[in-house]
Amino acid sequence: MPELPEVETTRRGIAPYLEGAEVEAFEVREPRLRWPVEAAIAGRIQGQRVERVERRGKYLLVQFAEGTLLIHLGMSGSLRVLMRDTPPGKHDHVDICLKDGHRIRFCDPRRFGAMVWTESPASQHRLLASLGPEPLGSEFDGDYLYRRSRGRRSPIKSWLMDSHVVVGVGNIYANEALFQAGIDPRRAAGRVSRQRMRLLATAVREVLASAIEQGGTTLRDFVGGDGKPGYFSQQLHVYGRGGQPCTRCGEALVGVQLAQRSTVYCRYCQR
DNA sequence: CCCAAGACCTGGCGGC
DNA sequence: TGCCGCCAGGTCTTGG
């Protein structure tokens, strides 16, 4: 279940198997994902060699000489590396079969995920073209957040989760980063000071980087194929802890809904 | 342009 | 056990 750290962990898990490998078949058992998986993809990649596996936000980019397969894991998607003869389960919708006998299996019970083929440069594809900067890249900092947010009246948390502002900040890490930065998630984005946007940018980077580090410890799950994507064992301060004591001041954490997403914060530590 | 709500799905959980 | 309502890590699309 993919936040950016898990997508990156997935990328690291599958890249060694895919890069340089030749595709033998593209098997679609259930094409009804977010958008129908085009049958024509098979003909495009069969017999082709994977050049690179990259990531942009929460999208995985499987790059061939002639085009790119974009993969999004949605809410419940996962990719595993399996051997040729492993029988598919109920929600194992797509396999990328490799000549060497491995197969990369896409499982997604809720089918919010996507597999899309594009032949123009991937960064120009409509799904990627207007994405904000990578949170761990050099473009992303407090001054960027400050500049972009002036005049915005959305709650800072909803605004931070908008992938056109910055990619990869999902519900868990939006909650955690705002706690670390001491900012009330309900506060209008345009009313957060430059100084506190700097704290927020740092918090986003730290929380994601540390989660990626921990995601790295579950790499073998993707290879071994037991299907457990490995939850982040990182200490969560607020996410899922509504009503429990704040780890900083001990008062009860408050749960609210913001843009239909569960939000937890400390009313004393976050302003 | 900005923002909130709706849409897409299945499964797991607690409560009765 | 069974059924029901609610919740879930995302984000594109629509409507005001």
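The values are calculated or read from the model by the stated rules, or taken from the named source; none is laboratory data. Computed from a predicted model, the values in this text were never measured in an experiment. Note that we place each Cβ from the backbone using ideal geometry, even for glycine, and neighbour counts take in every protein chain shown. Areas reflect the complete protein model, heavy atoms only, side chains present, ligands, DNA and RNA absent. Shrake-Rupley method; radii C 1.70, N 1.55, O 1.52, S 1.80 Å.
Within the same chain, aspartates and glutamates fewer than 8 places from A:K58 are excluded, and of the rest, those with a Cα less than 13 Å from its Cα are A:E3, A:E6, A:E8, A:E134, A:D162.
Let me know the shape class of the stretch A:58-136, please: from the alpha-carbon gyration tensor, a ≥ b ≥ c as square roots of the eigenvalues, rounded when a/c is under 1.5, otherwise prolate if a/b is greater than b/c, or oblate. Verdict is oblate for the stretch A:58-136. Measuring max minus min along each principal axis, the C-alpha atoms of the stretch A:41-82 give extents of 30, 23, 16 Å (largest first). Rolling a 1.4 angstrom probe over the protein heavy atoms with all chains in place gives the stretch A:4-129 an accessible area of 45 Å² per residue. Please check: in the Gaussian network model of chain A (C-alpha springs, under 10 Å), which one of A:Y146, A:Y173, A:Y59 has the largest mean-square fluctuation. Maximum among the listed residues: A:Y146. If you wrap the Cα atoms of the stretch A:4-129 in a convex hull and average its projected area over all directions, you get 6.7 nm². Here, P(r) means the percent of Cα pairs in each 10 Å bin from 0 to the largest distance; for chain A it is 7, 28, 31, 21, 11, 2, 0. The Cβ shell under 12 Å around A:T247 holds other residues with a net charge of 0, Lys and Arg each +1, Asp and Glu each -1.
Rank-order A:152-164, A:239-251 by packing density, defined as the average count of other C-beta atoms within 10 Å over each peptide's residues, highest first.
Values: A:152-164: 18.9, A:239-251: 13.8.
Per-residue mean Cβ counts within 10 Å order the peptides as A:152-164, A:239-251.
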